[in-house]
Amino acid sequence: MISFPPQKLKEMTVNQGLVTAQQFDDAFNEASRMGQDVADVLVSKGYLTYDYLYSILSQFLGTEQANLGSRGIDKGIISIIDEKFARERRVIAFAQDADGTINVAMEDPTDLPTIEFLEKRLKRKIRPFLATPEDLSRGFSFYGQALTEDFKKLIEESVRRSIEQKVGASEEKEAATQIPIVDLVNNILSYAASLNASDIHMEILEDSILIRFRVDGILHEVMRIPKEVNSAIIARIKLLGALKVDEHQKPQDGRFRYVAGPTVLDIRVSIIPTLYGEKIVMRLLPATQRPLSLTELGMLEDTAKIVEDNIRKSYGMLLVTGPTGSGKTTTLYAVLNMLNKSEVNIVTIEDPIEYNIKYINQIQINPLAGITFASGLRSILRQDPNIIMVGEIRDEETADIAVNAALTGHLLLSSLHTNDAPTAIPRMVDMKIPPFLVAAVVNLIIAQRLVRKICTSCIESYAPSAEMMESLASQLKELKIPESQLPKTLYKGKGCKVCGGTGYVGRMGIYEAFEVTEEIRKIIIDPSFSLDMLLMVARKQGMITMFEDGLRKTSLGMTTIEEVLRVIRE
């Protein structure tokens with residue numbers, strides 16, 4: 001989003017009663033300190049939405065919004081602008097007027113050099129429109145099919161040249177620097193980035209290398225390449241990740257930064273020995289991604305309010321639970337970003353540091369240097385912190401130090417691996433924390449899963465079949481949820497170019513927020529503690545389960561019932 005003049009934004013938002021002058025000034029000061037745009041801070045605080053910001057930006061610039069979801073894209077026009085140029089300059093040609101004028105959606109409609117260049121190049125008049133990130137993604141997806149074919153051809157060509165030059169038979173370090181292998185690895189990384197993949201899996205099979213990408217939480221087979229180039233590929237990735245090239249019997253972890261045009265990724269590498277050779281998994285993290293707001297994560301207003309109320313407390317613990325890959329760290333970063341003020345000292349210990357946040361002191365664990373969660377936490381307590389984040393509580397020692405930190409005037413954030421929020425209580429007790437201490441320090445437990453979002457370009461409603469209603473009713477009965485909560489209308493994406501035929505684009509969370517009230521504390525310290533009793537009281541006090549939160553989001557057309565059932569059953 002192009003920068004909005006702060007004074008003009010203040011004038012428009014204050015005049016419309018969306019914020020007070022003081023609230024805007026506070027947000028502006030926070031944005032200046034954090035090096036962020038004031039508009040992003042206002043959105044993260046819930047004062048504005050991005051839809052509203054784009055509407056007033058459109059008014060300010062005197063430029064129509066593109067709204068490609070409703071206007072559509074002329075497939076014959078989009079290719080008039082080369083894809084590389086379109087992605088670099090963030091422009092999409094989407095229609096042509098009767099007089100030959102080309103309508104172009106632009107991230108920055110005031111970019112006169114780009115407009116002049118296109119007019120000279122195309123020998124047509126250009127009419128700019130203001131594009132949102134969703135508009136641009138929708139447009140770029142039309143290039144997608146050709147892009148996939150181009151990448152596959154490039155990868156096949158790199159493999160062919162590698163085999164012809166017998167790269168796999170060379171010394172590993174030498175093979176890793178030869179051009180065909182360098183090109184092959186770069187093309188695989190670029191291909192994954194173009195699909196917004198979160199992970200790349202390279203698995204050595206008996207007769208080939210299987211390459212799979214995880215997109216929106218689901219693994220997809222992309223291709224298989226000959227086994228002959230396996231050793232050279234592994235050596236190349238080990239070199240990039242600063243790992244030992246000649247070590248094949250032990251797991252190794254590393255990381256490196258990958259730059260391809262405007263795309264900058266921090267890539268975490270994990271290599272383990274398997275039956276037929278070493279398997280590689282690479283996690284792709286945008287290097288410049290800002291922490292999201294609670295709303296952007298997918299929290300509805302009531303859940304977000306519970307979180308906001310609890311992070312105002314000056315001490316105690318906030319825990320986020322869920323399996324690996326459920327977005328726990330992203331939620332913790334969102335909370336940290338809300339707490340990041342000039343008057344507090346925030347220190348984290350993480351494995352790994354996924355996003356760098358200005359003015360937060362972040363420590364990477366390093367067992368070889370003696371920095372573990374437990375030892376690092378001890379050191380942090382000598383740094384006069386107000387707020388501490390521990391990436392994960394994995395063992396009794398870390399749990400003990402964390403609880404004592406929360407007891408002595410610190411707000412401590414961390415994550416646990418449990419299936420739901422109430423189960424975190426007996427999990428803490430299992431780690432030898434006395435129940436009276438658990439009751440004293442835990443303020444809030446958030447459990448979460450990630451579901452895929454319905455593609456807004458092809459969303460449609462439908463009435464569920466009798467068979468599905470019966471299945472859902474059975475699920476509700478099992479979870480002791482009234483049938484009245486069952487949505488009468490469901491939604492799905494029928495599949496289009498934007499979503500690659502899947503019906504989904506992007507992911508969001510479904511949540512349950514379990515507040516530790518006085519009544520809950522009495523149950524925790526009761527010698528006859530029962531998890532069923534804990535859950536019953538929490539439900540009586542109004543706790544919404546993840547499944548219920550998922551049902552609410554299906555009725556709002558945000559996700560599908562199949563997605564909710566998939567992640568809940570997992």
Determine which member of the set 375, 415 is within 30 Å of the chain's Cα centre (by Cα) and either in contact (Cβ under 8 Å) with a residue 12 or more places away in the chain or crowded, with 24+ Cβ neighbours inside 10 Å (or both). 415
Quick check on the stretch 283-298. Is at least one of its residues within 25 Å of residue 213 (Cβ to Cβ), open to solvent by 20 Å² or more (accessible area, probe 1.4 Å) and modelled with pLDDT of 90 or more? yes
Residues that are closer than 30 Å to residue 95 by Cα, of a type in the set (Ser, Thr, Tyr) and open to solvent by less than 30 Å² (accessible area, probe 1.4 Å): find the helices (runs of 4 or more DSSP H) completely inside the stretch 1-79 holding 2 or more of those. 50-61
For the stretch 229-253, pairs from a residue that is in a helix (DSSP H, G or I) to a residue that is among the acidic types (Asp, Glu) and surrounded by 21 or more Cβ atoms within 10 Å (Cβ to Cβ), with Cβ under 6 Å and 6 or more apart or across chains, are 234/278
Candidate set: the stretch 490-543, residues that are open to solvent by 60 Å² or more (accessible area, probe 1.4 Å) and aliphatic (A, V, I, L, M); chosen: the one farthest from residue 69 (Cα to Cα): 525
So how many residues does the stretch 276-322 have that are under 12 Å from the mean Cα position of the chain (by Cα) and acidic (Asp, Glu)? 1
Taking residue 70 and the conditions (1) under 15 Å from residue 135 (Cα atoms); (2) touching a residue at least 24 places away in the same chain (Cβ under 8 Å); (3) of a type in the set (Ser, Thr, Tyr), which numbered condition does it fall short on, given that it satisfies the others? (2)
Search result, residues across the stretch 96-133 that are part of a loop (DSSP other than H, G, I, E, B), among the acidic types (Asp, Glu) and surrounded by fewer than 16 Cβ atoms within 10 Å (Cβ to Cβ): 97, 99
Return the total of residues in the stretch 215-228 being farther than 15 Å from residue 566 by Cβ and surrounded by fewer than 19 Cβ atoms within 10 Å (Cβ to Cβ). 7
Sole exception among (1) closer than 22 Å to residue 153 by Cα; (2) open to solvent by 50 Å² or more (accessible area, probe 1.4 Å) for residue 272, by number: (1)
Looking only at residues in the stretch 193-231 that are among the acidic types (Asp, Glu) and farther than 20 Å from residue 268 by Cα, which one is modelled with the lowest pLDDT? 228
Please go through the stretch 330-353 and pick out each residue that is open to solvent by less than 60 Å² (accessible area, probe 1.4 Å), within 25 Å of residue 27 (Cβ to Cβ) and assigned to a loop (DSSP other than H, G, I, E, B). 340, 341, 344, 345
The one condition in (1) in a helix (DSSP H, G or I); (2) over 30 Å from residue 502 (Cβ atoms) that residue 467 fails to fulfil: (2)
Residues being open to solvent by less than 30 Å² (accessible area, probe 1.4 Å) and either of a type in the set (Lys, Arg) or farther than 19 Å from residue 212 by Cα (or both) - total across the stretch 236-257: 7
If you scan the stretch 427-460, which residues turn out to be over 30 Å from residue 69 (Cα atoms), open to solvent by 30 Å² or more (accessible area, probe 1.4 Å) and within 30 Å of the chain's Cα centre (by Cα)? 427
Subset of the stretch 190-214, residues over 22 Å from the mean Cα position of the chain (by Cα), open to solvent by 40 Å² or more (accessible area, probe 1.4 Å) and under 30 Å from residue 326 (Cα atoms), comes to 205
Result of the Cβ filter at 7 Å on the stretch 93-104, keeping first residues that are of a type in the set (A, V, I, L, M) and partners that are part of a loop (DSSP other than H, G, I, E, B) and surrounded by fewer than 19 Cβ atoms within 10 Å (Cβ to Cβ), at least 6 apart or interchain, is 93/80; 95/74; 102/80; 102/124
Quick check on the stretch 461-489: of everything there that is under 12 Å from residue 551 (Cα atoms) and hydroxyl-bearing (Ser, Thr, Tyr), which residue is most open to solvent (accessible area, probe 1.4 Å)? 484
Considering only the stretch 544-570, how many residues are surrounded by fewer than 14 Cβ atoms within 10 Å (Cβ to Cβ), not in a helix (DSSP H, G or I) and not hydrophobic (A, V, I, L, M, F, W, C)? 1
Residues of the stretch 460-474 satisfying the condition of being under 24 Å from residue 504 (Cα atoms) and in contact with a helix residue (DSSP H, G or I) (Cβ under 8 Å, 6 or more places away or on another chain): 464, 468, 472
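The values are calculated or read from the model by the stated rules, or taken from the named source; none is laboratory data. In this text, all values refer to a predicted model and were calculated from it rather than measured experimentally. Here the Cβ is made from the backbone with ideal geometry for all residues, glycine too, and neighbour counts use every protein chain on show. Each accessible area value is taken on the protein alone, full model and side chains, heavy atoms only, with ligands, DNA and RNA left out. Shrake-Rupley method; radii C 1.70, N 1.55, O 1.52, S 1.80 Å.
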